[in-house]
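In what follows, a single structure is set out as structure tokens and then discussed.
The values are calculated or read from the model by the stated rules, or taken from the named source; none is laboratory data. Note that the structure is a prediction, hence the values are computed from the model and not measured. Cβ placement follows ideal geometry from the backbone for every residue including glycine, while neighbour counts extend to all protein chains displayed.
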Amino acid sequence: MLGMSEIKWIKITTDIFDDEKICLIDALPDPDAILVIWFKILTLAGKHNSNGLLMMTDKVHYTDEMLATIFRRPLNTVGMAIGVFEQFGMIEIIDGIISLPNWEKHQNVDGMEKIKEQTRNRVAKYRKKQKNLALGNVTGNGR
């Protein structure tokens, strides 16, 4: 994975089904399948945490075929959904790489920064404790 794997969530607002693009998708044939694929794309992007890029590794990008397999959906349905998302500006495809141009909308950047800061503090506290133990301060209180 490209990014940090510590973030296990994406942000979905309660008014998502009032979004103009979602309403337009709802009027298309097979809207449920399209919306499921949209949420699977969002969760995949969140899982890899690569600023909205859908990349399996730093050198391998997901193809429609790979997404169909991972999402357990027919290839033609995934291809159709990808086309809809691109048409509506929900994704961009550049050199075969799918990206979510409004990724910040789906990822709580402030929350991620808070988690990073908490992790840094935890690691610093642990290292200080380990250093004190190594120096003979066996109380372990780190003071």
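Among the listed residues Ile41, Ile37, which satisfies the condition of being under 15 Å from Val84 (Cα atoms), in contact with a Lys or Arg (Cβ under 7 Å, 6 or more places away or on another chain) and either exposed (fewer than 13 other Cβ atoms within 10 Å of the Cβ) or free of Cβ contacts under 8 Å to residues at least 60 places away in the same chain (or both)? Outline the logic, then answer.
Numbers: Ile41 fails: in contact with a Lys or Arg (Cβ under 7 Å, 6 or more places away or on another chain).
After ruling out the rest, the residue left standing is Ile37.
Give Trp9, Trp38 a once-over and let me know the one that is modelled with pLDDT under 90, among the aromatic types (Phe, Trp, Tyr) and within 17 Å of the chain's Cα centre (by Cα). I'd like the intermediate steps shown before the answer.
Working: Trp38 fails: modelled with pLDDT under 90.
Exactly one of Trp9, Trp38 is modelled with pLDDT under 90, among the aromatic types (Phe, Trp, Tyr) and within 17 Å of the chain's Cα centre (by Cα), namely Trp9.
Return yes or no: is Lys128 surrounded by fewer than 12 Cβ atoms within 10 Å (Cβ to Cβ) and either at pLDDT below 95 or of a type in the set (Asp, Glu) (or both)?
Considered against the rule, which asks whether it is surrounded by fewer than 12 Cβ atoms within 10 Å (Cβ to Cβ) and either at pLDDT below 95 or of a type in the set (Asp, Glu) (or both), Lys128 comes out as no.
What about Thr57, is it in the same structural domain as Asp95 (by TED's automatic domain parsing) and either surrounded by fewer than 13 Cβ atoms within 10 Å (Cβ to Cβ) or under 11 Å from the mean Cα position of the chain (by Cα) (or both)?
Yes; evaluated as a whole, the condition is true for this residue.
Can you tell me which residue among Thr69, Thr57 is at pLDDT below 95 and hydroxyl-bearing (Ser, Thr, Tyr)? Show your work before the answer.
Values: Thr69 fails: at pLDDT below 95.
Being at pLDDT below 95 and hydroxyl-bearing (Ser, Thr, Tyr) holds for just one of Thr69, Thr57, which is Thr57.
What residue, of Pro101, Pro74, is within 13 Å of the chain's Cα centre (by Cα) and modelled with pLDDT of 80 or more? If you could, list the steps in order and put the result at the bottom.
Numbers: Pro74 fails: within 13 Å of the chain's Cα centre (by Cα).
Result: Pro101 is the single residue among Pro101, Pro74 that is within 13 Å of the chain's Cα centre (by Cα) and modelled with pLDDT of 80 or more.
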